[in-house]
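The values are calculated or read from the model by the stated rules, or taken from the named source; none is laboratory data. Bear in mind that the values here come from a model prediction, so they are computed numbers and not experimental data. Here the Cβ positions follow ideal geometry from the backbone for every residue, glycine too, while neighbour counts run over all protein chains shown.
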Amino acid sequence: MIDLSRYIRHGANHNGSDEWRTPPKVFKILTNEFNFTHDLAATKTNTLCDNYFVDSLSVSWKGIQAAFCNPPFSMAEEFLQKAHEPDLTVFVIPARPQTKYFIKNVMLNDYTHEIRWCHRGMRFVPPAGVQRKISRAPLPVVVVVYRNTQRTHEIRQTVICSDTLLQLGVIAKGNTRGRPSLYDMEQIDAISRLWEKGTTNIRELAALTSIPRSTVHRIVQKLNV
């Protein structure tokens, strides 16, 4: 029998902890893409940027160029209400489309430009001092990109690997042009999983996934961070 309680024990409001930290590799990949200047939900000991806020909700975020935010899950709604203030903000939050706050602040928000749905649970780092093996979060997670300008197109939505953030498929293109997907999600995900397990030879990856070496090479360049 599935223990459904595991899906709600996240955040201080659900007998859990708000201190779970962002996987270092996930942050590195995102900051390589967006060049973050501020961490909007941090302390002196766990901040991921030189600039950070401890009491973030009490200050203005306007004027910030590029911000990262993995908020306390019990306060996700409050943080999302300020997501449009910086020039750009990237959130890592629980995917809760059954809630009013998620629909309003993510899916129907004019300042939401991208939603990247994570395939498999993200491996959050346990709170400091907690001796526990890193395991996948049982709740779904999304990476959401906000800008301080209202979008004039549909939200770009993709499916990504939760470990490497490699794009596995496109749900909605938004205003982004691109080549059509030639390989299915399972093939691309297989490269990501093999890479994580130590298979790094392009010829071998191509043989195992039936994807041309030239394409595997392009994918590997994204994984090699």
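In the set (1) at pLDDT 90 or above; (2) in contact with a strand residue (DSSP E or B) (Cβ under 9 Å, 6 or more places away or on another chain); (3) more than 19 Å from Val142 (Cα to Cα); (4) not polar (S, T, N, Q), the condition left unmet by Lys62 is number (2). In segment 117-127, is there at least one residue being in a loop (DSSP other than H, G, I, E, B), without any contact (Cβ under 8 Å) to a residue 12 or more places away in the chain, over 17 Å from Cys69 (Cα atoms) and assigned by TED's automatic domain parsing to the domain that holds Ile64? No, there is no match, as no residue in segment 117-127 is in a loop (DSSP other than H, G, I, E, B), without any contact (Cβ under 8 Å) to a residue 12 or more places away in the chain, over 17 Å from Cys69 (Cα atoms) and assigned by TED's automatic domain parsing to the domain that holds Ile64. Considered as a group, the residues in segment 210-225 that are in a helix (DSSP H, G or I) and in contact (Cβ under 8 Å) with a residue 24 or more places away in the chain include one that is nearest to Leu168 (Cα to Cα), and that residue is Ile219. If only residues of segment 108-135 that are exposed (fewer than 14 other Cβ atoms within 10 Å of the Cβ) and at pLDDT 80 or above are counted, the one that is farthest from His84 (Cα to Cα) is Leu108.
The set of residues from segment 32-62 being part of a loop (DSSP other than H, G, I, E, B), small (Gly, Ala, Ser) and either crowded, with 18+ Cβ neighbours inside 10 Å or under 20 Å from the mean Cα position of the chain (by Cα) (or both) comprises Ala41, Ala42. Scanning segment 143-154 for residues that are surrounded by 20 or more Cβ atoms within 10 Å (Cβ to Cβ) and either in contact with a His (Cβ under 7 Å, 6 or more places away or on another chain) or not hydrophobic (A, V, I, L, M, F, W, C) (or both) yields Val145, Tyr146.
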